[in-house]
Amino acid sequence: MDAPVIVVGAGPTGLMLAGELRLGGVEVILVDRLPRPSGESRGLGFTPRTMEILDQRGLLPRYGPIVTSSLGHFGGIPVDFGVLDGAHFSVKDVPQHRTEAVLGDWITELGAELRRGREVVGLAADDEGVTVELQGPDGPERLRAAYLVGCDGGRSTVRKLAGFDFPGSAATMEMYLADVADCEVRPRPIGESVAGGMAMSVPLGDGVHRIIVCERGNKPKHRDQPLEFAEVAAAWNRLTHQDISGATPVWISAFGNAARQVTEYRRGRVLLAGDAAHIHLPAGGQGMNTGIQDAVNLGWKLAAVARGSAPQTLLDSYHEERHPVGERLLMNTQAQGLLYLSGSEVQPLRDVLGELVGIEEVGRHLAGMISGLDIRYRVGPGSHPLLGGRMPHQELAVADGRTSTAALLHRARGVLLDLAGDTGLRGAAAGWADRVDLVTATPTDIPDDAPLADTAALLVRPDGHIAWAAGPDTAGEALPTALERWFGPASAAVAA
């Protein structure tokens with residue numbers, strides 16, 4: 001084996017996964033077909049859930065000052081994230097190339113190996129591992145690993161070579177995205193109506209504007225040559241009556257409204273994450289964020305299996321937990337597309353939905369859906385209201401000072417949080433001390449109206465989701481059972 005895990009694709013998903021694997025103590029080789037980062041930025045910013053993830057790994061300070069916003073949208077209809085419980089709002093001013101640079105520095109510090117200029121041309125999987133054929137700068141290469149993860153985008157080579165089924169609907173229209181300089185483009189929000197389609201623009205700073213052009217009736221094209229900026233400028237002119245043909249294109253891209261998802265996120269020793277597993281209409285920046293969240297769900301599990309501390313069955317939970325999230329992603333992006341890509345015939349629907357969002361329950365529901373904060377996994381029996389959900393942000397008083405629930409997850413280990421001074425927890429969890437940290441916090445530090453109020457103890461997975469909880473009236477299953485389910489068998493040597 002050249003490494004326990006090979007990851008294909010050095011976009012945000014692949015980079016995040018490589019970092020998670022290294023935090024889990026597993027060597028990883030990350031390969032990418034590009035000789036250097038493209039500098040392009042299809043994704044802009046983060047949803048609140050991704051902000052939580054970056055905070056949990058201590059990565060937010062690496063971005064420097066960022067501007068947050070409590071405002072989002074659903075198909076152009078404003079949605080307020082402020083109705084949700086959480087420490088973070090969304091961020092809309094961080095380009096994808098900046099995220100790739102931050103994550104690239106992070107994984108380098110963690111010791112991940114990144115090999116650029118390698119294109120996957122073949123793979124063969126067996127019961128023991130996966131062999132990958134690459135075409136590199138010095139000719140053909142062959143690598144072998146116990147596991148292979150395709151994070152190589154919507155046209156994933158890994159997905160095709162491994163034979164994953166990818167059902168869904170084909171694109172019915174072609175749209176354009178461009179970052180342009182040397183021209184003035186007034187801001188156009190996504191919900192602003194124009195005859196013949198949708199035209200959106202937003203300033204990115206340094207004199208650069210992002211424009212998105214969705215012209216109804218523009219059918220998908222099978223191109224022999226790259227998209228030309230003249231085609232983008234002509235479509236923009238038809239919709240907005242503004243001539244931008246003299247602008248300087250920083251980069252341009254065509255995309256469609258296809259919606260597809262693989263039927264399984266894992267086939268034996270080959271797994272998929274991010275756009276390799278699901279493609280959809282860009283709406284609210286959810287694609288890159290969902291890919292990062294896929295990586296954080298998978299990383300700690302794959303690391304545990306690869307280093308031998310957990311059985312392969314733990315990987316089954318990756319598909320079980322993330323496939324429904326992908327299904328919901330396709331559903332909501334298709335619904336949003338109908339709202340902002342259709343013509344005046346759907347204006348009554350927009351008006352009705354705009355009224356409904358004003359109802360607190362509806363606003364909270366849509367905000368939770370597009371932010372990722374409503375994701376809750378089936379982690380086992382129990383009735384505690386926090387079970388399966390994300391760990392709420394809470395400042396904590398501990399023996400050696402103060403910390404937070406986010407800081408406890410910086411090392412991507414499990415956390416058993418004792419909020420009641422239960423001396424029995426240490427004995428019950430002793431066999432997992434090499435994988436799970438026991439932290440005792442002062443209960444009086446938690447306000448009565450906080451999500452953690454009336455909670456005695458929590459078992460938090462490395463991805464920030466609560467796997468076991470105990471409260472005055474919610475005992476649930478035995479702690480050792482939950483520990484073994486998510487962290488593998490107890491270590492006799494550690495327990496002793």
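Would you list the P(r) distribution for region 151-208, with all Cα-Cα distances sorted into 10 Å bins from 0 and each bin expressed as a whole %? For region 151-208, the pair-distance distribution reads 16, 30, 25, 23, 6.
Using the alpha-carbon positions of region 227-348, Rg (one decimal) and Dmax (whole number) come out as 19.7, 62 Å.
Cβ-to-Cβ counts within 10 Å put Met198, Met1 in ascending order as Met1, Met198, the fewest first.
Which value in Å is the Kirkwood Rh of the chain over different Cα pairs? Every distinct Cα pair counted, the radius reaches 23.9 Å.
At R0 = 60 Å, how high is the FRET efficiency between His410 and Ser344 if r is their beta carbon distance? Nearest 0.05 is fine.
On the way: r = 51 Å, r/R0 = 0.85.
Here the calculated transfer efficiency is 0.75.
Across region 89-105, coupling constants 3J(HN,Hα) worked out from phi with the 6.51/-1.76/1.60 Karplus curve, θ = phi - 60°, read 9, 8, 10, 10, 10, 10, x, 4, 5, 5, 4, 5, 5, 5, 5, x, 4 Hz, and Gly and Pro carry x. Cβ crowding within 10 Å ranks Trp236, Trp251 as Trp251, Trp236, fewest other Cβ atoms first. Since only Val194, Ala273, Ala254 are under comparison, the one whose Cα sits farthest along the positive direction of the charge dipole of region 189-289, derived from C-beta charges on Lys, Arg, Asp and Glu, is Ala273. Phi angles across region 367-380 convert, under the Karplus curve 6.51 cos²θ - 1.76 cosθ + 1.60 with θ = phi - 60°, into 3J(HN,Hα) values of 4, x, 5, 7, 8, x, 7, 8, 5, 9, 9, 7, 9, x Hz, Gly and Pro given as x.
Remark: region 403-419, residue by residue, has Karplus-estimated 3J(HN,Hα) of 8, 9, 4, 5, 4, 4, 9, 4, 8, 6, 10, x, 10, 9, 9, 9, 10 Hz, where x stands for each Gly or Pro and the curve is 6.51 cos²θ - 1.76 cosθ + 1.60 at θ = phi - 60°.
Approximating the spin labels as points 7 Å out from Cα along Cα→Cβ, the Ala181-to-Ala450 distance works out to 4.7 nm.
In debye, nearest 20, what is the charge dipole magnitude of the chain about its Cα centre with +1 on Lys and Arg Cβ and -1 on Asp and Glu Cβ, if you could check? With only Lys, Arg, Asp and Glu charged at Cβ, the dipole is about 920 debye.
Summing charges over all other residues whose Cβ lies under 11 Å from the Cβ of Met288, with Lys and Arg as +1 and Asp and Glu as -1, gives -2. Extension gain for the segment Ala433 to Ser383, taken as residue separation times 0.36 nm less the Cα-Cα distance, is 15.4 nm to one decimal. Computed over region 1-149, the quotient of the alpha carbon radius of gyration and 2.2 N^0.38 Å is 1.21.
Rg/Rh for region 48-133 stands at 1.14; both radii use Cα atoms, and Rh follows the Kirkwood definition. Shown for His393, His88: other C-beta atoms within 10 Å of each C-beta, ranked fewest to most, produce the order His393, His88.
Roughly how far apart, in whole Å, are the Cα centres of region 151-171 and region 349-374? Computed from Cα coordinates, the inter-centre distance equals 31 Å. Note on region 395-495: Kirkwood radius taken over Cα pairs, Stokes-Einstein applied at 10 °C and 1.306 mPa s, translational D equal to 115 µm² s⁻¹.
Each value in this text was obtained by applying a stated rule to the coordinates, not by laboratory testing. Note that the structure is predicted; figures quoted are calculated from it, not measured. In this analysis, Cβ positions are derived from the backbone assuming ideal geometry, glycine residues included, and neighbour counts consider all displayed protein chains.
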